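Colleague: Please see the structure below; I have some questions.
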């Protein structure tokens with residue numbers, strides 16, 4: 001599937017492994033949070049490029065001590081109506097200071113991409129039948145924000161006040 005990362009189409013070296021599948025040592029691996037918890041002692045010191053997929057009912061607290069070791073946190077959106085991944089992304093960025101890739105996977109809609117970016121998600125696994133160009137156009141369509149969020153974009157009211165102060 002195509003991938004958008006940091007506002008660009010990107011290649012995807014990561015492979016998601018089922019809980020019972022053996023990991024390949026030279027391929028960046030994404031494992032489920034339950035597998036990560038169960039095999040943490042063997043996964044962390046192995047020096048693998050490691051990512052963890054977090055389901056909506058799982059919070060990021062279990063990863064807090066290991067976030068600096070993870071190159072990717074995937075947030076699973078099993079239904080586009082399930083918004084718990086937004087909260088998880090924001091917690092990862094703001095409470096736990098995670099600076100790595102947070103990727104939305106599953107039932108991800110491009111009209112929700114801007115909101116996901118604002119929550120701290122910086123990569124999207126594009127569903128089959130859609131193109132990276134469509135997603136990039138959707139992301140670029142809105143340039144202003146009305147409230148502060150995890151993406152660091154200044155809200156429009158702040159920019160207006162700053163412009164007014166500079167004009168005085």
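Colleague: Within the range 148-168, work out how many residues are under 22 Å from the mean Cα position of the chain (by Cα) and surrounded by 10 or more Cβ atoms within 10 Å (Cβ to Cβ).
Modeller: Looking only at the range 148-168, we keep the residues that are under 22 Å from the mean Cα position of the chain (by Cα), and these are 148-155.
Of the ones still in play, those that are also surrounded by 10 or more Cβ atoms within 10 Å (Cβ to Cβ) are 148-151, 153-155.
Within the range 148-168, residues that are under 22 Å from the mean Cα position of the chain (by Cα) and surrounded by 10 or more Cβ atoms within 10 Å (Cβ to Cβ) number 7.
Colleague: Which condition number in (1) under 22 Å from residue 107 (Cβ atoms); (2) in contact with a strand residue (DSSP E or B) (Cβ under 8 Å, 6 or more places away or on another chain); (3) at pLDDT below 90 is the one that residue 49 fails?
Modeller: For residue 49, the exception is condition (1).
Colleague: Across the range 106-127, which residue is surrounded by the fewest Cβ atoms within 10 Å (Cβ to Cβ) among those that are within 9 Å of the chain's Cα centre (by Cα) and assigned to a strand (DSSP E or B)?
Modeller: In this case the residue turns out to be 123.
Colleague: Every residue in the range 1-33 that is closer than 22 Å to residue 56 by Cα, in contact (Cβ under 8 Å) with a residue 24 or more places away in the chain and surrounded by 13 or more Cβ atoms within 10 Å (Cβ to Cβ), please.
Modeller: Here is the first cut: in the range 1-33, the ones closer than 22 Å to residue 56 by Cα are 1, 3-5, 14-20, 29-33.
With the extra rule that they be in contact (Cβ under 8 Å) with a residue 24 or more places away in the chain, the set shrinks to 1, 3-5, 14, 16, 30, 33.
Within the range 1-33, 3, 4, 5, 14, 16, 30, 33 meet the criteria.
Colleague: Against the condition touching a helix residue (DSSP H, G or I) at 6+ places or on another chain (Cβ under 7 Å) and touching a residue at least 24 places away in the same chain (Cβ under 8 Å), how does residue 86 come out, does it pass?
Modeller: Values: touching a helix residue (DSSP H, G or I) at 6+ places or on another chain (Cβ under 7 Å): yes; touching a residue at least 24 places away in the same chain (Cβ under 8 Å): yes.
Yes; evaluated as a whole, the condition is true for this residue.
Colleague: Ok, one more. Could you figure out which of (1) at pLDDT 85 or above; (2) assigned to a loop (DSSP other than H, G, I, E, B); (3) surrounded by 16 or more Cβ atoms within 10 Å (Cβ to Cβ) isn't true of residue 145?
Modeller: (1)
Colleague: Could you tell me which numbered condition residue 63 fails, if it satisfies all but one of (1) surrounded by 20 or more Cβ atoms within 10 Å (Cβ to Cβ); (2) more than 22 Å from residue 132 (Cα to Cα); (3) at pLDDT 95 or above?
Modeller: Failing condition for residue 63: (3).
Colleague: Quick one: which of 93, 110, 69 is closer than 16 Å to residue 126 by Cα and either touching a helix residue (DSSP H, G or I) at 6+ places or on another chain (Cβ under 6 Å) or touching a residue at least 24 places away in the same chain (Cβ under 8 Å) (or both)? Give the steps one after another, and end with the answer.
Modeller: Numbers: 93 fails: closer than 16 Å to residue 126 by Cα; 69 fails: closer than 16 Å to residue 126 by Cα.
Selected residue: 110, the only one of 93, 110, 69 that is closer than 16 Å to residue 126 by Cα and either touching a helix residue (DSSP H, G or I) at 6+ places or on another chain (Cβ under 6 Å) or touching a residue at least 24 places away in the same chain (Cβ under 8 Å) (or both).
Colleague: Would you confirm, using the coordinates I've provided, whether residue 137 is surrounded by fewer than 19 Cβ atoms within 10 Å (Cβ to Cβ) and part of a helix (DSSP H, G or I)?
Modeller: Details: surrounded by fewer than 19 Cβ atoms within 10 Å (Cβ to Cβ): yes; part of a helix (DSSP H, G or I): yes.
When the stated conditions are applied, residue 137 passes them.
Colleague: Out of 103, 93, report the one residue that is out of contact with any strand residue (DSSP E or B) (no Cβ under 6 Å at 6 or more places or on another chain) and buried (at least 16 other Cβ atoms within 10 Å of the Cβ).
Modeller: Working: 103 fails: out of contact with any strand residue (DSSP E or B) (no Cβ under 6 Å at 6 or more places or on another chain).
That would be 93, the only listed residue that is out of contact with any strand residue (DSSP E or B) (no Cβ under 6 Å at 6 or more places or on another chain) and buried (at least 16 other Cβ atoms within 10 Å of the Cβ).
Colleague: Of the conditions (1) in contact with a helix residue (DSSP H, G or I) (Cβ under 7 Å, 6 or more places away or on another chain); (2) at pLDDT 90 or above, residue 7 clears all except one; give me its number.
Modeller: Status for residue 7: all satisfied but (2).
The values are calculated or read from the model by the stated rules, or taken from the named source; none is laboratory data. The structure displayed is predicted, hence computed values, not measured ones. Neighbour counts run over all protein chains shown; Cβ positions are idealised from the backbone, glycine included.
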